[in-house]
Amino acid sequence: MATLELDDVHANAVDYQHFLLDSPSPYHAADLVAQRLVDAGFTLQDEREAWDASPGGHVMVRGGAVAAWMVPPHVGDSAGFRVVGAHTDSPALSVKPSVQSTTPDGWGMVDVEIYGGMMWNSWLDRELTIAGRLITTSGRAVLARTGPIARIPQLAIHLDRSVNDSLSLDPQRHLHPVWTVDSSAGLLDHIARASGLSGADEVASFDLILTPSQGPSFFGEDGQFVAASRQDNLSSVHPALVAMERLAGAAPEAGDVVVLACFDHEEVGSQTRTGAGGPVLETVLRRTAQALGRTPDGHERMLASSSCVSADAAHSVHPNYADRHDPRTRPVMGRGPVLKINSKQRYATDAEGVALWARACAAAGVASQDFVSNNAMPCGTTIGPITAARLGIPTVDVGVPLLSMHSAREMSHIGDLHALSRALEAYWCGA
């Protein structure tokens, strides 16, 4: 039987599918990025040890954030940093310290709170996995992941005849997942055992979320669309990772230091030690400059020669709500990654960034589209303005266009994922 060979776009899509399956939480995503880069020849950096800026690739993990940097053999006096930033977190249900509770009727419930701007109704009637990290009594961090374990059942239409006219959900009363009935089982004990521990007595603390357990699916003509959870913003993390893996096999002999920074907590404001508002990227750049022998002034000179591409999911024009978009600027998924522009600086893109992105896309041979908001529809924001304000380097906001953003199951196009990866690679190569 002949072996079926996939073209680059479809092969990339299959790899993306596996990446999503293996990244149910920010901690899993950060760990997976580091694992893959180590497999590509990168050296794992311990922050407590002397900083490594020798030629080649290096990677460090801090909680749900991961940063990697590649140093060319020759770093000249005029070299700077070429940074790609993304984030590993997505809207989710976060497990409360109380973990579980029991209703008077015997239902065992998972105690949760809302993390980020999730579309509540999309989380109803979906089987959910618990994932994240456990901290053991000895201080060790253990990745945790159950199988499908919980569900938020919707009220039957017979008990709410108005549900198709309007659906009103109280997050405290209506968004509690059920995981058992008439049982005295301990949920944390179940999670601990599923993670290879002896039980809950080994767990000192945890950071856990509930996320849809249904895996990614391809659909549409020739399987061109991807339906999956957490595409905001793994649809940026994966293209950047693949671009860096390719670069590891053909890095330039001289030029700028290339950097990938994937932060946590973007969906709740980024103001944490692993968020874009924290010191992760600044620390990587400063310690790398120092390890290269740069003085404080030399570090500032490197920053003055640097730039950043902030990669975060973008909006495609919605076929059923086209009036919600700007009437003249209408990005459509499948036509290339999106350049995001906002005069209120919710995105950091300016004229320098537009030109930078145009050069990268031209060098990669990929199309790009623009996005601006309908004036009556204020847009969200990204890590871009935070990075630009913290470091003072030119920053441009881009991303893969999605439909159903912040739903439990978002939609992307395989061609855009591949194109973004190629454009990021061209940017890193000096375009």
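A few comments on the model shown:
- Qualifying positions in segment 195-231 - touching a strand residue (DSSP E or B) at 6+ places or on another chain (Cβ under 6 Å), farther than 27 Å from Val14 by Cα and not in a strand (DSSP E or B): Glu202
- Qualifying residues in segment 25-41 (those that are open to solvent by less than 10 Å² (accessible area, probe 1.4 Å) and of a type outside the set (S, T, N, Q)) - the one nearest to Asn233 (Cα to Cα): Ala29
- Hits in segment 30-73 (condition: within 29 Å of Gly215 (Cα to Cα), of a type in the set (A, V, I, L, M) and out of contact with any helix residue (DSSP H, G or I) (no Cβ under 6 Å at 6 or more places or on another chain)): Ala30, Leu32, Ala34, Leu37, Val38, Met60
Here is a yes/no grid of residues against (1) open to solvent by less than 30 Å² (accessible area, probe 1.4 Å); (2) part of a helix (DSSP H, G or I):
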residue	(1), (2)
Val284	yes, yes
Thr288	yes, yes
Gly293	no, no
Met333	yes, no
Ala348	yes, no
Asn374	no, no
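- Checklist (1) charged (D, E, K, R); (2) open to solvent by 30 Å² or more (accessible area, probe 1.4 Å); (3) under 30 Å from Ser90 (Cα atoms) applied to Glu266, failing item: (2)
- Residue within segment 131-140 that is farther than 28 Å from Leu21 by Cα and open to solvent by 70 Å² or more (accessible area, probe 1.4 Å) present: yes
- All positions within segment 379-396 that are surrounded by fewer than 24 Cβ atoms within 10 Å (Cβ to Cβ) and in contact (Cβ under 8 Å) with a residue 24 or more places away in the chain: Cys379, Gly380, Thr381, Pro385, Ala388, Arg390, Leu391, Gly392, Ile393, Pro394
- Cβ pairs under 9 Å, 6+ apart, first in segment 251-262 and under 17 Å from His299 (Cβ atoms) and in a strand (DSSP E or B), second open to solvent by 30 Å² or more (accessible area, probe 1.4 Å) and hydroxyl-bearing (Ser, Thr, Tyr): none
- Scope segment 225-249; condition open to solvent by 50 Å² or more (accessible area, probe 1.4 Å) and over 18 Å from Ala423 (Cβ atoms); matching residues: Gly249
- Cβ-Cβ contacts under 6 Å between residues 6 or more apart (or on different chains), taken from a first residue in segment 275-295 that is closer than 21 Å to Ser54 by Cβ to a second residue that is part of a helix (DSSP H, G or I) and open to solvent by less than 10 Å² (accessible area, probe 1.4 Å), are listed as Ala289/Met302.
- The lone exception for Ala276 - which of (1) open to solvent by less than 20 Å² (accessible area, probe 1.4 Å); (2) part of a helix (DSSP H, G or I); (3) in contact with a His (Cβ under 9 Å, 6 or more places away or on another chain) it fails: (2)
- Qualifying residue in segment 326-345 (condition: in contact with a helix residue (DSSP H, G or I) (Cβ under 7 Å, 6 or more places away or on another chain) and modelled with pLDDT under 95): yes
- For beta carbons closer than 6 Å, sequence separation of 6+ or different chains, a first residue in segment 179-198 that is more than 16 Å from Thr129 (Cβ to Cβ) and a second that is of a type in the set (A, V, I, L, M, F, W, C) and open to solvent by 50 Å² or more (accessible area, probe 1.4 Å), the qualifying pairs are Val181/Trp107.
- Close pairs from segment 162-174: first surrounded by 10 or more Cβ atoms within 10 Å (Cβ to Cβ) and aliphatic (A, V, I, L, M), partner modelled with pLDDT of 95 or more and in a loop (DSSP other than H, G, I, E, B), Cβ under 7 Å, at least 6 apart: Leu169/Leu175
- Any hit, segment 292-300, residues being in the same structural domain as Glu410 (by the TED database), over 18 Å from the mean Cα position of the chain (by Cα), closer than 30 Å to Gly63 by Cβ and among the hydrophobic types (A, V, I, L, M, F, W, C): yes
- Residues in segment 91-116 that are in contact with a helix residue (DSSP H, G or I) (Cβ under 6 Å, 6 or more places away or on another chain) and open to solvent by less than 40 Å² (accessible area, probe 1.4 Å): Pro91, Val99, Gly116.
- Residue list for segment 356-384, filter: over 18 Å from Thr329 (Cβ atoms) and more than 24 Å from the chain's Cα centre (by Cα): Arg359, Ala362, Ala363, Gly365
- Segment 142-161, residues that are touching a residue at least 40 places away in the same chain (Cβ under 8 Å) and surrounded by 10 or more Cβ atoms within 10 Å (Cβ to Cβ): Val142, Leu143, Ala144, Arg145, Thr146, Pro148, Ile149, Ala150
- Output for segment 320-329, where each listed residue is open to solvent by less than 90 Å² (accessible area, probe 1.4 Å) and either aromatic (Phe, Trp, Tyr) or closer than 20 Å to Val398 by Cβ (or both): His325, Asp326, Thr329
- Note on segment 397-425: residues that are touching a His at 6+ places or on another chain (Cβ under 7 Å), open to solvent by 10 Å² or more (accessible area, probe 1.4 Å) and in a strand (DSSP E or B) amount to 1.
The values are calculated or read from the model by the stated rules, or taken from the named source; none is laboratory data. Computed from a predicted structure; not experimentally measured. When we count neighbours, we look across all protein chains shown, and the Cβ atoms used for this are built from the backbone with ideal geometry, even at glycine. Just so you know, the surface numbers come from the protein's heavy atoms only, side chains and all, with ligands and any DNA or RNA stripped out. Shrake-Rupley method; radii C 1.70, N 1.55, O 1.52, S 1.80 Å.
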